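Engineer: Shown below is the structure under consideration.
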Amino acid sequence: MKHTVKFILFIFTVYMFVSCENDLLKGFDITSPQAVVPVDTFEVNRGTVVTLRATLTDESGIASYNLSYASFEATGLQGWEIDASANLQDLGYPKSYEFSADVLVPELVMMSWEENYQKNDGTSFKIIQTYHKLALTFYDTHRNKNTVYFYIKVKE
């Protein structure tokens, strides 16, 4: 009986080692698409057109992207007319896509504002923010997501 229990434990241990070598996620795409952004920070005057560029890549293909204004606490949201989104199905979900968008900096945009900033440890404090943040969110064909940011500071 004692040898039978040892034999069963041995077989179970061998089975566990063999089954653990099979990658359960093999065949699933769990890698987020990547972006190369040549310039992510701009200092410009009001009324200037800023060209945002990024190279989006993913082995499964880029499915879509959306550019949006991300500095929600700034009341300077009015005037930012950003309409840069696309579904890339018609292009056959390219593995590499050259994103480019022209953004007009509004004439009445705020130059600074007070914003709540929360650190990873949960502490929160107020800062004077001077950079408007625009978020470029993009997805691959398996709905993996990534977001990169562009920062625009308005000079006087």
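The values are calculated or read from the model by the stated rules, or taken from the named source; none is laboratory data. Predicted model only: the values in this text are computed from it and were never measured. Ideal geometry is used to build each Cβ from the backbone, glycine not excepted, and the neighbour counts take in all protein chains shown.
Engineer: For residues that are among the hydroxyl-bearing types (Ser, Thr, Tyr) and within 18 Å of the chain's Cα centre (by Cα), scanning just the range 94-113, find the one that is surrounded by the most Cβ atoms within 10 Å (Cβ to Cβ).
Structural biologist: If we take residues in the range 94-113 being among the hydroxyl-bearing types (Ser, Thr, Tyr) and within 18 Å of the chain's Cα centre (by Cα), then TYR97 is surrounded by the most Cβ atoms within 10 Å (Cβ to Cβ).
Rundown of residues vs (1) basic (Lys, Arg); (2) over 29 Å from VAL154 (Cα atoms); (3) modelled with pLDDT under 95, yes/no style:
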{"site": "THR4", "(1), (2), (3)": "no, yes, yes"}
{"site": "PHE12", "(1), (2), (3)": "no, yes, yes"}
{"site": "LYS26", "(1), (2), (3)": "yes, yes, yes"}
{"site": "PRO38", "(1), (2), (3)": "no, no, no"}
{"site": "THR41", "(1), (2), (3)": "no, no, no"}
{"site": "THR57", "(1), (2), (3)": "no, yes, no"}
{"site": "ALA63", "(1), (2), (3)": "no, yes, no"}
{"site": "PHE72", "(1), (2), (3)": "no, no, yes"}
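Engineer: For the range 78-122, what are the residues that are of a type in the set (Gly, Ala, Ser) and in contact with a Phe, Trp or Tyr (Cβ under 7 Å, 6 or more places away or on another chain)? Working first, answer last.
Structural biologist: Of the residues in the range 78-122, the ones of a type in the set (Gly, Ala, Ser) are 79, 84-86, 92, 96, 100-101, 112, 122.
SER85, ALA86 - these are the residues of the range 78-122 that are of a type in the set (Gly, Ala, Ser) and in contact with a Phe, Trp or Tyr (Cβ under 7 Å, 6 or more places away or on another chain).
Engineer: Out of (1) modelled with pLDDT of 75 or more; (2) over 30 Å from LYS155 (Cα atoms); (3) loosely packed, with under 15 Cβ neighbours inside 10 Å; (4) not β-branched (Val, Ile, Thr), what's the single condition that is false for SER19?
Structural biologist: Tallying (1) modelled with pLDDT of 75 or more; (2) over 30 Å from LYS155 (Cα atoms); (3) loosely packed, with under 15 Cβ neighbours inside 10 Å; (4) not β-branched (Val, Ile, Thr), SER19 fails exactly one: (1).
Engineer: Output the residues belonging to the range 103-156 that are farther than 19 Å from VAL44 by Cα and of a type in the set (S, T, N, Q). First the steps, then the outcome.
Structural biologist: Taking the range 103-156 first, the residues farther than 19 Å from VAL44 by Cα are 114-127, 136-148.
Hits for the range 103-156 are ASN116, GLN118, ASN120, THR123, SER124, THR137, THR141, ASN144, ASN146, THR147.
Engineer: Condition first: charged (D, E, K, R) and more than 19 Å from HIS132 (Cβ to Cβ). Now tell me which residues in the range 80-105 satisfy that.
Structural biologist: Listed by number, the residues that qualify are ASP90, LYS95, GLU98.
Engineer: In the range 133-148, is there at least one residue being in contact (Cβ under 8 Å) with a residue 24 or more places away in the chain, on the phi > 0 side of the Ramachandran plot and among the small types (Gly, Ala, Ser)?
Structural biologist: no
Engineer: For the range 77-113, which residues satisfy the criterion of being closer than 25 Å to LYS155 by Cβ, at pLDDT 90 or above and outside any loop (DSSP other than H, G, I, E, B)?
Structural biologist: SER100, ALA101, ASP102, VAL103, LEU104
Engineer: Within the range 114-142, work out how many residues are part of a loop (DSSP other than H, G, I, E, B) and loosely packed, with under 10 Cβ neighbours inside 10 Å. Let's see the steps before the verdict.
Structural biologist: Applying the first criterion (part of a loop (DSSP other than H, G, I, E, B)) to the range 114-142 yields 119-123, 130, 141-142.
After this cut, where a residue has to be loosely packed, with under 10 Cβ neighbours inside 10 Å as well, the list is 119-123.
Residues flagged as part of a loop (DSSP other than H, G, I, E, B) and loosely packed, with under 10 Cβ neighbours inside 10 Å within the range 114-142 amount to 5.
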